[in-house]
Structures are given as C-alpha cells and as structure tokens.
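Structure, as structure tokens:
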Amino acid sequence: MDALRLIDCWEHGRRRHPLDRALLLFAAAAPGEDPETLADRTLGERNAALLRLRQKMFGDALKSCVECPECGEQLEFALSANTLLEPSPPGVARAAYVDIQGVRVRLPTTRDLASVATEGDPLVAEARLFERLIGAASAAAPSPEDLTRELDAADPCMDLALDLTCPACAHAWSAAFDVPAFLWEEVEVRARRLLDEVHALARSYGWAEREILALSEVRRNAYLERVLA
C-alpha cells in the first residue's frame with residue numbers, strides 16, 4: 001500500500017465499524033480479489049492476509065504494550081509476524097468446514113461476526129454465532145468449549161492470543177491479539193504523519209497532495225529536513 005492508498009484507506013475507514021475497517025484492510029491486502037467476497041472468507045484467512053500486509057508496510061516485528069489486569073503494570077512485548085503466520089503458510093487452502101464430534105461446523109467469517117456485533121450479552125452473542133456456524137440449533141451440538149477449541153485448531157490464525165506473565169506481580173493471563181485493530185492503529189499513526197508532511201511541504205513549495213505523496217519516503221524526508229532546518 002503506497003502513501004496515497006494508505007491515506008485513502010484511512011479516510012474511508014476512520015469513522016467505520018472495526019469490522020468494516022478489517023475488510024478495508026483485507027481489500028488492500030488482496031487487491032486482485034473481489035471485495036464483495038472478502039466478508040465470507042474465514043477469519044484466519046483474513047488475519048493471515050493482514051499480517052502479510054503488515055510485514056510489507058511496517059516490517060516483521062510487532063511491538064505493543066498491555067496493562068496487567070491484576071496490578072496495572074504496563075508490559076511491553078514484541079512479536080514476529082512470521083511466527084504468527086507459521087501455522088498458515090501462503091498458498092495452502094483450508095476447508096471451510098470442520099467436523100466436530102460428528103457435527104459439520106463452518107469456520108467463522110467477518111460476516112458472521114457482523115451478525116452478532118450489536119448483541120450486548122457476550123454469552124448470547126456466542127450462542128447465536130455458534131448456532132449460525134452449525135446451521136441450526138441441535139441437542140447433539142458440541143459444547144461451546146469444544147467448538148472453540150476445535151475451531152482454533154482448524155483455523156490457527158482465527159483467534160490469536162498471547163500468554164503473558166506480569167513481571168511485577170507474577171499474574172499470568174491470556175490476552176487476545178486483534179490483528180485488524182493493531183494494523184489499523186499503525187495505519188492511523190502513519191496517515192496522520194503523512195498529513196503533517198503534506199501540510200509542511202505544500203505550505204513551503206506549493207505542491208499538490210498527490211505530488212507529495214507520490215514522492216518516495218527518502219525524498220519526502222529529504223525535503224522535510226530542508227523545510228525544518
């Protein structure tokens with residue numbers, strides 16, 4: 001995603017629901033695909049595509065921080081996108097369904113999440129989601145715990161989680177890693193920085209936004225050094 005496309009993506013997604021932002025990023029990661037079909041791809045496929053897009057845009061290392069839920073200590077951590085992608089190599093197609101205790105269960109998609117996004121009760125949302133994936137309520141349906149475990153195994157990038165331990169109080173917990181939210185935050189930071197650069201160069205040289213964003217990052221920074229000198 002070049003500078004101009006990044007600004008366009010940020011502009012169109014900044015006021016949208018996080019699920020819509022995820023699809024905008026998915027479309028940027030898969031420019032040759034029909035955007036109308038992306039909402040029906042599995043969450044693991046979407047997350048893997050976003051991790052690869054992130055590698056191309058910002059590199060392999062993912063750095064962030066999280067607050068310990070026990071004592072409030074801030075923990076900084078670094079991840080490797082390659083490591084997260086190891087269970088989902090490119091070019092390997094996954095089945096859209098998995099057999100769980102004799103029940104055919106469809107792997108969840110962004111459209112499935114959108115169908116329960118307005119449900120305020122997490123347990124009700126989970127039940128509605130699983131019913132949607134199974135296709136109908138059934139007394140023989142696997143338990144939510146079994147469904148979650150088997151779906152995670154079938155689609156490793158679907159629901160990434162980090163096992164963390166607080167160095168201050170030794171509290172251990174599992175924290176979800178939201179790939180679309182993480183990437184969107186980085187896109188927003190980069191977009192705002194680009195807008196600042198456009199503002200500075202347009203004011204100094206009178207160039208149009210498209211001309212400035214078409215410059216390579218090296219040349220743009222070289223001009224900024226002269227403007228700020």
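The values are calculated or read from the model by the stated rules, or taken from the named source; none is laboratory data. The structure presented is a predicted model; accordingly, all values stated were derived computationally and were not measured. Every residue, glycine among them, receives a Cβ derived from its backbone with ideal geometry; neighbour counts consider all protein chains shown.
What to note about this one:
- All of (1) more than 20 Å from Leu43 (Cα to Cα); (2) surrounded by 11 or more Cβ atoms within 10 Å (Cβ to Cβ); (3) charged (D, E, K, R) hold for Asp121 with one exception: (2).
- Condition met for Leu84 (of a type in the set (A, V, I, L, M) and out of contact with any Pro (no Cβ under 7 Å at 6 or more places or on another chain)): yes
- Filtering the stretch 134-168 to residues that are outside any loop (DSSP other than H, G, I, E, B) and touching a helix residue (DSSP H, G or I) at 6+ places or on another chain (Cβ under 7 Å) leaves Pro144, Leu147.
- Counting only helices (runs of 4 or more DSSP H) that sit wholly inside the stretch 175-229, those with at least 1 residues that are acidic (Asp, Glu) and within 23 Å of Gln55 (Cβ to Cβ) are 179-205, 217-228.
- Failed item, numbered, when Leu38 is tested on (1) under 22 Å from Ala175 (Cα atoms); (2) at pLDDT 95 or above; (3) not small (Gly, Ala, Ser): (1)
- The stretch 74-103, subset loosely packed, with under 11 Cβ neighbours inside 10 Å and more than 21 Å from the chain's Cα centre (by Cα), residue farthest from Asp146 (Cα to Cα): Gln74
- Hits in the stretch 30-44 - residues which are crowded, with 21+ Cβ neighbours inside 10 Å and out of contact with any strand residue (DSSP E or B) (no Cβ under 7 Å at 6 or more places or on another chain): Leu38, Gly44
- Residues considered: Leu51, Leu24, Leu4. Of these, the only one that is closer than 25 Å to Arg193 by Cβ and without any contact (Cβ under 8 Å) to a residue 60 or more places away in the chain is Leu24.
- Being farther than 23 Å from Arg94 by Cα and either surrounded by fewer than 19 Cβ atoms within 10 Å (Cβ to Cβ) or aromatic (Phe, Trp, Tyr) (or both) is not true of Ala153.
- Ala22 meets all of the listed conditions (1) over 20 Å from Pro90 (Cα atoms); (2) modelled with pLDDT of 95 or more; (3) not aromatic (Phe, Trp, Tyr) but one, namely (1).
A quick yes/no check of all residues on (1) touching a residue at least 12 places away in the same chain (Cβ under 8 Å); (2) touching an Asp or Glu at 6+ places or on another chain (Cβ under 7 Å); (3) more than 19 Å from Ala161 (Cα to Cα):
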{"position": "Glu76", "(1), (2), (3)": "yes, no, no"}
{"position": "Leu85", "(1), (2), (3)": "yes, no, no"}
{"position": "Ala96", "(1), (2), (3)": "yes, no, yes"}
{"position": "Gly102", "(1), (2), (3)": "yes, no, yes"}
{"position": "Thr110", "(1), (2), (3)": "yes, no, no"}
{"position": "Ala114", "(1), (2), (3)": "yes, no, yes"}
{"position": "Gly120", "(1), (2), (3)": "no, no, yes"}
